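Here the structure comes first, spelled out in structure tokens, and everything after it is commentary.
The values are calculated or read from the model by the stated rules, or taken from the named source; none is laboratory data. What you see is a predicted model; the values in this text were computed from it and never measured. Heads up, the Cβs are rebuilt from the backbone with ideal geometry, glycines too, and the neighbour counts pull from every protein chain shown.
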Amino acid sequence: MSAAMRFQNVLRPRSTRDDQPDLAGRVYSELSVDLPDEDLGEYLYDCIDMYRMGSKPRCEEVEYLGMVQEAIERIEDGE
């Protein structure tokens, strides 16, 4: 086995788990663009936990909570 063959595995792209911080940042940025008037805070779970039901019109509330939940799931799934 040549040195080139042994190092080929070292040069492969990182797995999704290694890229998790980059993915989380990208998903968070996309959510910030979609929800520019919201103060998302550092952790997306806090957005859901601290949200006061009834503080927005019903249709906006459903959309907001759905978008935050989808972002959390994308990060957890590594998409």
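Computed quantities for the displayed model
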| quantity | calculated |
| --- | --- |
| Some residue of region 37-58 being closer than 14 Å to Leu23 by Cα, aliphatic (A, V, I, L, M) and assigned to a helix (DSSP H, G or I) | yes |
| Failed criterion for Val33 (all others in (1) in a loop (DSSP other than H, G, I, E, B); (2) of a type in the set (A, V, I, L, M, F, W, C); (3) without any contact (Cβ under 8 Å) to a residue 12 or more places away in the chain hold) | (1) |
| Selection status of Leu40, modelled with pLDDT of 90 or more and closer than 30 Å to Lys56 by Cβ | no |
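Yes/no matrix, rows are residues, columns are (1) at pLDDT below 90; (2) under 12 Å from the mean Cα position of the chain (by Cα):
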{"site": "Phe7", "(1), (2)": "yes, no"}
{"site": "Arg12", "(1), (2)": "yes, no"}
{"site": "Val27", "(1), (2)": "no, yes"}
{"site": "Leu35", "(1), (2)": "yes, no"}
{"site": "Cys47", "(1), (2)": "yes, no"}
{"site": "Gly54", "(1), (2)": "no, no"}
{"site": "Glu73", "(1), (2)": "no, yes"}
